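Working notes, beginning with the structure itself.
Throughout, read-outs are computed from the coordinates displayed, never taken from laboratory work. Predicted model only: the values in this text are computed from it and were never measured. Please note: Cβ atoms are built from the backbone with ideal geometry, for glycine as well, and neighbour counts cover all protein chains shown.
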Amino acid sequence: MSYDSYTSPLSQRYASRQMQYIFSQDMKFRTWRRLWIALAKTEKELGLNITDEQIAEMEAHRDDINYADAEAREKIVRHDVMSHVYAYGLQCPKAKGIIHLGATSCYVGDNTDIIIMKEALALVHRKLVNVIAKLADFAGNYKDLPTLAFTHFQPAQPTTVGKRATLWMNEFVMDLEDLEYVSGSLKLLGSKGTTGTQASFLELFDGDTEKVDRLDPLIAEKMGFESCYPVSGQTYSRKVDTRVVNVLAGIAASAHKMSNDIRLLQHLKEVEEPFEKSQIGSSAMAYKRNPMRSERIASLARFVIADALNPAITSAAQWFERTLDDSANKRLSVAEAFLAVDGILDLCLNVTDGMKVYPKVIYKHLMAELPFMATENIMMDAVKAGGDRQELHEKIRTLSMEAGRTVKEEGLDNNLLALIAEDPMFRLSREELEKSMDPRRYVGYAPVQVEKYLDGVIRPLLEKNKDELGVSAQISV
């Protein structure tokens, strides 16, 4: 680690080694060489004077990149692509004259960006599937555990701990669907030339338009893609970057929502994220167990959500067939969005894998509010015992206000049941009233909803992606 210059916290603290390699210089330049080989092979197939010996020479040096030669050359010519063409040519003297033949810099630059984003999306997909799997286990384990629900963060009709987890899960499922659509729609730029007209290739193939038409499909096939974008300027449309980063921002938003709920629940001491044996929560308050992982999820998520504006502005600001005001911004915004989401998903994996639930605290909070929520049932029981529904409604309203004042002003427990039992209008004993206090009576269809959701949506999804399961994450700090 360097202590005397800036290093990105995304690489030092948050993103995994796998994601960092995908956006590394080595990955980029190895992909450039694969693309140059694909171009040379395609041009040979289409009749240009390129030999098997030249291609074999290029393939022999595909991965042993002579970085020092490229860096020395770039100091002279100030052009990264031509510096690597030169360095590749030093290793491949027989192929030197046909490397990058007919292509522009965007042939390697833009096609590589698409390939890298495709691979990065695959890693995001794998981690997202595993977050969903861990939440599915959690929801299944706690599908029957009643808990106080909240609207406006005010106590509301109970739900279950498992049902709440399905809400988090379903947002990640929507993100997965978006990811699969966008990833599945990615195409290569192909080899379109300086303004997208393929003029250089029309010249190389002596005006043979059939060969020009075959160029892009053959390159795409060699690089593992189904097709290339049918039209472009010099670059692929920067709207592609917008679509990709919007998917990442969606994942960030889902993770942020889940992390906020966990932070609030940890404040209530109902749920707690993993806390290691020697972890310190506060430098001053030694007793504290802060939800630092969930807070970090929220923090990184806000970065990604804000960052999604960058590709949109870049896409909107491109002039005609090409301007270069995308380059510096694109290097930062796309890579950092992926690195940050990678860190977010690792944190989500860590939190969902070790989240602890405290049923007794949940029960205590639920029972403090349940008498208010049980009043409709109590009123019906009183009507059955001979009471007048309208008079009972007014009496319950009055007693509820009195019990509320007792809780808020005197700090005492909710005494609504005692007040009702003491009122002769209700004709119900305390024992009869207590029968209304089973929390399971008030969670509605929630346990069944959880099981139906797991059976109908999640288990088929996990079966479809079973080869990706089994991922866990260790966070750095």
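Numbers below:
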item: Ordering of 364-374, 177-187 by burial proxy (mean other Cβ atoms within 10 Å per residue, highest first); result: 364-374, 177-187
item: Contour minus Cα-Cα distance for residue 53 and residue 150 (0.36 nm per residue); result: 27.8 nm
item: Under-5 Å amide H pairs with residue 149, H placed in peptide plane, nonlocal only; result: 156, 159
item: For the chain, with +1 on Lys and Arg beta carbons and -1 on Asp and Glu, the positive-most of 72, 275, 98 along the dipole; result: 275
item: Cut-off under 5 Å, modelled amide H: who pairs with residue 428 long-range; result: none
item: Between 0 and 90°, nearest 10: helix 239-267 axis offset from the chain longest Cα axis; result: 30
item: Sorted largest first, extent of the chain alpha carbons per principal axis (Å); result: 104, 52, 40
item: Residue-by-residue Karplus 3J(HN,Hα) for the range 218-226, coefficients 6.51, -1.76, 1.60, Hz, glycine and proline x; result: 5, 5, 4, 4, 5, 9, x, 10, 6
item: Net lengthening on full extension, residue 63/residue 372 (0.36 nm per residue, minus Cα-Cα); result: 104.2 nm
item: For the range 351-367, 3J(HN,Hα) per residue [Karplus equation, 6.51 cos²θ - 1.76 cosθ + 1.60, θ = phi - 60°, Hz, x = Gly/Pro]; result: 5, 6, 6, x, 5, 9, 10, 10, x, 5, 5, 4, 5, 4, 5, 5, 5
item: Nearest 10 degrees, 0 to 90: helix 375-384 Cα axis against the chain principal axis; result: 40
item: Beta bridges by DSSP in the chain, antiparallel share as percent, to the nearest 5; result: 90
item: FRET efficiency, residue 194 to residue 441 (Cβ-Cβ, R0 56 Å, nearest 0.05); result: 0.20
item: The range 363-442: radius of gyration over Cα atoms, expressed as a fraction of 2.2 N^0.38 Å; result: 1.03
item: Label zone at residue 44 (point 7 Å along Cα-to-Cβ), backbone N below 12 Å, the range 53-82; result: 53-60
